[in-house]
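Below: the structure, in structure tokens.
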Amino acid sequence: MLYYFKRVVSDILSNKFLNSITIATIALCILVVGVFALFFENACRIIQSGEQGGKMMVYLGPEFNINMLPQLKFKINALGETEKIIFISKQDALKQLKKDLASRSSFIDSLKDNPLPDALRVIMKKNVNKLETIKDLAVKIKKIPMVEDVEYGERWLGRFLSIFSLFKMTGYAISSLFFMIALFITANTIRLSFYARRQEVEIMRLVGATDKFIITPFYIEGLLQGIAGGIAGLGILFLFFLFLSSGVEKNIPLYMLFNIKFLSIKYSVIIIACSAFLGWLGCYLSLKQFLKY
Amino acid sequence: MSIIKDKNSIIRMFNVSKRFGKHYALKNITIDIQAGEFIFITGASGAGKSTLMKLLYLAERTSEGQILVDGMNLARISSSRVPYLRRKFGVIFQDFKLIPRKTVYENVALVLEAANEKPGIIKEKVLKILETTGMGKKINVLPPSLSGGEQQRVAVARALVGDPAIILADEPTCSLDSDSAQTILDFLLEYHSRGTTVLIATHNLQIISNTVNGRCISLVEGALTGAAKLL
Ligand SMILES: Nc1ncnc2c1ncn2[C@@H]1O[C@H](COP(=O)(O)OP(=O)(O)O)[C@@H](O)[C@H]1O
Ligand SMILES: [Mg+2]
């Protein structure tokens with residue numbers, strides 16, 4: 001193994017130009033992917049923290065009366081991790097509405113009956129902040145007989161999510177495009193460096209070297225290039241990020257609310273692993289055909 | 001047609017021909033070489049000496065006929081076994097085939113590295129063989145800055161370092177002055193005395209007359225003439 005690494009190091013040094021092109025290409029690819037991942041990860045976090053231990057409004061049917069409240073609370077509590085359940089009677093709701101409408105509240109006075117339903121405001125525990133979990137709970141609550149409707153800001157989120165998923169698709173598309181480009185260039189530089197060594201490779205074969213012995217350094221080289229490119233790409237992204245977040249925070253205080261964060265360790269490792277895989281795959285594609293006598 | 005394996009034969013060629021296009025480089029060669037023999041393959045330049053050797057270590061494939069090396073039928077050998085066949089041979093190539101980018105030491109060590117030898121043993125063997133071939137002081141030099149004679153010594157060292165069963169020497173003395181040539185020849189004789197089979201291709205009849213116990217195989221335009229003439 002040590003021997004292979006020595007060979008790889010000498011190969012890389014003797015082919016600095018090609019190697020730096022490959023690494024630069026991979027770095028660029030990773031940079032683009034990284035930008036999307038950064039946006040994606042932050043957007044996810046913002047959506048989730050925006051819901052802050054999600055809440056929902058549960059509207060009750062006319063058959064509800066106040067004596068049923070403890071039983072209802074108990075049922076809802078049994079369904080999920082709720083923090084607090086606040087009862088809002090239709091009278092309270094009407095008062096609130098009057099207050100909200102202020103000057104135009106006269107039309108409410110003209111109403112004979114209170115058209116508003118009794119309602120519960122359900123606030124979930126802090127850790128319950130995934131849209132899916134909230135949705136699940138909403139569906140379950142809706143099945144309780146006296147419950148007429150449940151609302152949990154799904155319209156707003158829904159619209160945001162559709163933009164978000166469009167963005168995600170674009171991210172995937174552009175990332176895979178760049179992945180292909182990087183793969184193409186990596187495969188070709190490895191092919192070139194293999195071609196430049198073809199005499200040497202032939203000699204190795206003649207003195208009894210196996211294909212494995214011959215190509216292993218190329219694979220290690222590919223992997224290292226991938227990892228180096230990945231680290232370089234993320235490094236550049238990080239510099240961008242520092243620059244951007246310091247600049248943004250001064251000029252647009254709104255952004256401070258969101259408090260954008262750099263990619264998590266998990267994401268960074270995944271990205272670097274992908275980029276190592278890219279180097280490996282480039283190698284595989286370009287050397288496959290040389291594995292013949 | 002089948003070839004019966006002779007227990008002591010290390011190389012058997014049966015009706016072997018090699019064509020390049022329409023031109024026959026070798027025609028109907030039948031030879032039987034015993035393990036431990038010392039063989040000269042002679043013939044003018046272009047007679048087919050190098051080609052004959054290339055067929056043995058599968059740098060070229062035979063067009064017709066069959067070759068057995070140490071019981072292996074070369075026509076049937078799978079490509080993954082080819083490296084192992086080649087490790088039976090120590091080849092001194094006519095054009096040396098040194099890797100210009102690698103030092104003398106690395107060139108010689110390559111053979112053992114390819115054979116998965118332990119690093120400690122590699123170092124020991126390589127230094128020893130380079131010392132004996134007189135290249136001990138130039139282990140870190142790149143081949144292009146060596147003279148032809150020095151390159152040949154490195155090529156010899158590389159062929160011998162793995163203690164091969166068979167040594168194929170293609171014009172091993174052509175770049176050397178007669179003293180150095182004799183040194184190399186003495187080397188090959190020493191390996192021969194330890195039981196190694198040695199084949200030397202040469203058009204230099206001088207070195208043959210200096211060597212007592214060799215068998216001579218003569219090629220003329222790819223065909224055998226008066227084969228197995230004992231000197
Ligand atoms: N790769 C090749 N392609 C075409 N012809 C070849 C090739 N190798 C050798 N020959 C021909 O085969 C004949 C024998 O060549 P070679 O074995 O090198 O002779 P020698 O080593 O005895 O000088 C020559 O006529 C040469 O031109
Ligand atoms: Mg020749």
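The values are calculated or read from the model by the stated rules, or taken from the named source; none is laboratory data. Since the structure is predicted, the reported quantities are computational estimates derived from the model, not experimental observations. Reconstructed Cβ throughout: ideal geometry from the backbone, glycine too, with neighbour counts over all protein chains shown. Just so you know, the surface numbers come from the protein's heavy atoms only, side chains and all, with ligands and any DNA or RNA stripped out. Shrake-Rupley method; radii C 1.70, N 1.55, O 1.52, S 1.80 Å.
With the checklist (1) out of contact with any helix residue (DSSP H, G or I) (no Cβ under 9 Å at 6 or more places or on another chain); (2) open to solvent by 10 Å² or more (accessible area, probe 1.4 Å); (3) β-branched (Val, Ile, Thr) in hand, flag the one item residue B:62 doesn't pass.
The number of the failed condition is (1).
Could you tell me whether the range A:149-162 includes any residue that is within 11 Å of residue A:58 (Cα to Cα), outside any helix (DSSP H, G or I), modelled with pLDDT under 85 and open to solvent by 90 Å² or more (accessible area, probe 1.4 Å)?
Yes, the range A:149-162 contains a residue that is within 11 Å of residue A:58 (Cα to Cα), outside any helix (DSSP H, G or I), modelled with pLDDT under 85 and open to solvent by 90 Å² or more (accessible area, probe 1.4 Å).
Listed here are the residues, each with its yes/no results for (1) touching a Leu at 6+ places or on another chain (Cβ under 6 Å); (2) among the hydrophobic types (A, V, I, L, M, F, W, C); (3) at pLDDT 95 or above.
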{"position": "B:149", "(1), (2), (3)": "yes, no, no"}
{"position": "B:166", "(1), (2), (3)": "no, yes, yes"}
{"position": "B:173", "(1), (2), (3)": "no, no, no"}
{"position": "B:179", "(1), (2), (3)": "no, no, no"}
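Within the range A:43-59, can one find any residue that is aromatic (Phe, Trp, Tyr) and either surrounded by 15 or more Cβ atoms within 10 Å (Cβ to Cβ) or within 20 Å of residue A:233 (Cβ to Cβ) (or both)?
The initial filter retains those residues of the range A:43-59 that are aromatic (Phe, Trp, Tyr), namely A:59.
When the remaining residues are screened for being either surrounded by 15 or more Cβ atoms within 10 Å (Cβ to Cβ) or within 20 Å of residue A:233 (Cβ to Cβ) (or both), the result is A:59.
Looking through the range A:43-59, at least one residue is aromatic (Phe, Trp, Tyr) and either surrounded by 15 or more Cβ atoms within 10 Å (Cβ to Cβ) or within 20 Å of residue A:233 (Cβ to Cβ) (or both).
Kindly check whether there is at least one residue in the range B:110-129 that is within 16 Å of ligand 2 (Cβ to nearest atom), within 10 Å of chain A (Cβ to nearest Cβ) and free of Cβ contacts under 8 Å to residues at least 60 places away in the same chain.
No: zero hits.
Does residue B:40 meet the test of being outside any helix (DSSP H, G or I) and open to solvent by 20 Å² or more (accessible area, probe 1.4 Å)?
Details: outside any helix (DSSP H, G or I): yes; open to solvent by 20 Å² or more (accessible area, probe 1.4 Å): no.
The answer is no for residue B:40.
Can you pull out the residues in the range B:1-26 that are under 11 Å from residue B:67 (Cα atoms) and either modelled with pLDDT of 90 or more or within 19 Å of the chain's Cα centre (by Cα) (or both)?
B:10, B:11, B:12, B:13, B:14, B:15, B:16, B:17
With the requirement that a residue be within 16 Å of ligand 2 (Cβ to nearest atom) and touching a Pro at 6+ places or on another chain (Cβ under 7 Å), what does the range B:167-202 give you?
Across the range B:167-202, the qualifying residue is only B:200.
Restricting to the range B:158-180, give me the number of residues that are away from every other protein chain (no Cβ under 14 Å) and either outside any helix (DSSP H, G or I) or within 13 Å of the chain's Cα centre (by Cα) (or both). Can you show your working first?
Let us first name the residues in the range B:158-180 that are away from every other protein chain (no Cβ under 14 Å), namely B:169, B:171-180.
Next cut, either outside any helix (DSSP H, G or I) or within 13 Å of the chain's Cα centre (by Cα) (or both) only: B:169, B:171-177.
Within the range B:158-180, residues that are away from every other protein chain (no Cβ under 14 Å) and either outside any helix (DSSP H, G or I) or within 13 Å of the chain's Cα centre (by Cα) (or both) number 8.
Could you tell me which numbered condition residue B:124 fails, if it satisfies all but one of (1) surrounded by fewer than 16 Cβ atoms within 10 Å (Cβ to Cβ); (2) at positive phi?
For residue B:124, the exception is condition (2).
For residue B:97, state whether it is within 16 Å of ligand 1 (Cβ to nearest atom) and within 13 Å of chain A (Cβ to nearest Cβ). I'd like the intermediate steps shown before the answer.
Details: within 16 Å of ligand 1 (Cβ to nearest atom): yes; within 13 Å of chain A (Cβ to nearest Cβ): yes.
So residue B:97 passes the test.
Residue-by-condition table, conditions (1) away from ligand 1 (no atom under 12 Å from the Cβ); (2) charged (D, E, K, R); (3) more than 14 Å from chain A (Cβ to nearest Cβ):
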{"position": "B:15", "(1), (2), (3)": "yes, no, yes"}
{"position": "B:32", "(1), (2), (3)": "yes, yes, yes"}
{"position": "B:35", "(1), (2), (3)": "yes, no, yes"}
{"position": "B:45", "(1), (2), (3)": "no, no, yes"}
{"position": "B:60", "(1), (2), (3)": "no, yes, no"}
{"position": "B:65", "(1), (2), (3)": "yes, no, yes"}
{"position": "B:74", "(1), (2), (3)": "yes, no, no"}
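If we keep just the residues of the range B:15-32 that are of a type in the set (S, T, N, Q) and over 28 Å from residue B:185 (Cβ atoms), which is farthest from ligand 2 (Cβ to nearest atom)? Lay out the reasoning, then the answer.
As a first pass, look at the range B:15-32 and keep what is of a type in the set (S, T, N, Q): B:15, B:17, B:28, B:30.
Pick out the ones that are also over 28 Å from residue B:185 (Cβ atoms) and you get B:15, B:17, B:28.
On the way: B:15: 22, B:17: 18, B:28: 20 Å.
By that ranking, first place goes to B:15.
Name the single residue that is modelled with the highest pLDDT among those in the range A:7-42 being of a type in the set (Phe, Trp, Tyr) and open to solvent by 60 Å² or more (accessible area, probe 1.4 Å). Step through it out loud before you land on a result.
Our first condition is that a residue be of a type in the set (Phe, Trp, Tyr); within the range A:7-42, this holds for A:17, A:36, A:39-40.
Retained after the next criterion (residues that are open to solvent by 60 Å² or more (accessible area, probe 1.4 Å)): A:17, A:39.
Working: A:17: 83, A:39: 80.
It comes out as A:17.
Filter the range B:33-48 for residues that are within 16 Å of ligand 2 (Cβ to nearest atom) and more than 16 Å from residue B:95 (Cα to Cα) and give the result. Before you say what the answer is, go through the steps one by one.
So the first thing to find is which residues in the range B:33-48 are within 16 Å of ligand 2 (Cβ to nearest atom), and the list is B:39-48.
B:39, B:40, B:41, B:42, B:43, B:44, B:47 - these are the residues of the range B:33-48 that are within 16 Å of ligand 2 (Cβ to nearest atom) and more than 16 Å from residue B:95 (Cα to Cα).
For residue B:51, only one of the following conditions fails: (1) in contact with a helix residue (DSSP H, G or I) (Cβ under 8 Å, 6 or more places away or on another chain); (2) within 16 Å of ligand 2 (Cβ to nearest atom). What is its number?
The number of the failed condition is (1).
Residue-by-condition table, conditions (1) open to solvent by 50 Å² or more (accessible area, probe 1.4 Å); (2) under 16 Å from residue B:11 (Cα atoms):
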position: B:83; (1), (2): no, no
position: B:86; (1), (2): no, yes
position: B:89; (1), (2): no, yes
position: B:96; (1), (2): no, no
position: B:119; (1), (2): yes, no
position: B:134; (1), (2): yes, no
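Scan the range B:143-157 and tell me whether some residue there is closer than 25 Å to residue A:4 by Cα, open to solvent by 10 Å² or more (accessible area, probe 1.4 Å) and either within 12 Å of chain A (Cβ to nearest Cβ) or assigned to a helix (DSSP H, G or I) (or both).
Yes, that holds for at least one residue.
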